[in-house]
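Here is the structure we will look at.
The values are calculated or read from the model by the stated rules, or taken from the named source; none is laboratory data. Everything numeric here is computed off the predicted structure, so don't read it as measured data. For neighbour counting, all protein chains shown are included, and Cβ atoms are generated from backbone atoms with ideal geometry for every residue, glycine included. Surface areas here come from the heavy atoms of the whole protein model, side chains and all, with no ligands, DNA or RNA. Shrake-Rupley method; radii C 1.70, N 1.55, O 1.52, S 1.80 Å.
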Amino acid sequence: MKIGFFEVSLSEQTYLKNNFKKKAELSFAEQKIDAEHLPQELDFEILSVFTGSPLTAEVLSKFSKLKDF
């Protein structure tokens, strides 16, 4: 499983790396994600964002591997 975390501070990244219990590939970015600011990697199965990242249908359509829960 590959999880992309966006708008995550360095201290939050450290916490998540040290305390994430599931086997997963974690990717972190301090930047927001939107139609103008897409990451280079788009193969995430799960996205974790904060309020500054509007996940519109246009943005979500770029991530073809997202899981439907």
Does Ala57 satisfy the condition of being open to solvent by 70 Å² or more (accessible area, probe 1.4 Å) and either free of Cβ contacts under 8 Å to residues at least 60 places away in the same chain or of a type in the set (Asp, Glu) (or both)?
yes
Ser64 - would you say it is among the small types (Gly, Ala, Ser) and in contact with a His (Cβ under 9 Å, 6 or more places away or on another chain)?
no
Here are some conditions: (1) free of Cβ contacts under 8 Å to residues at least 12 places away in the same chain; (2) in a helix (DSSP H, G or I). Leu16 meets all but one. Which one does it not meet?
(1)
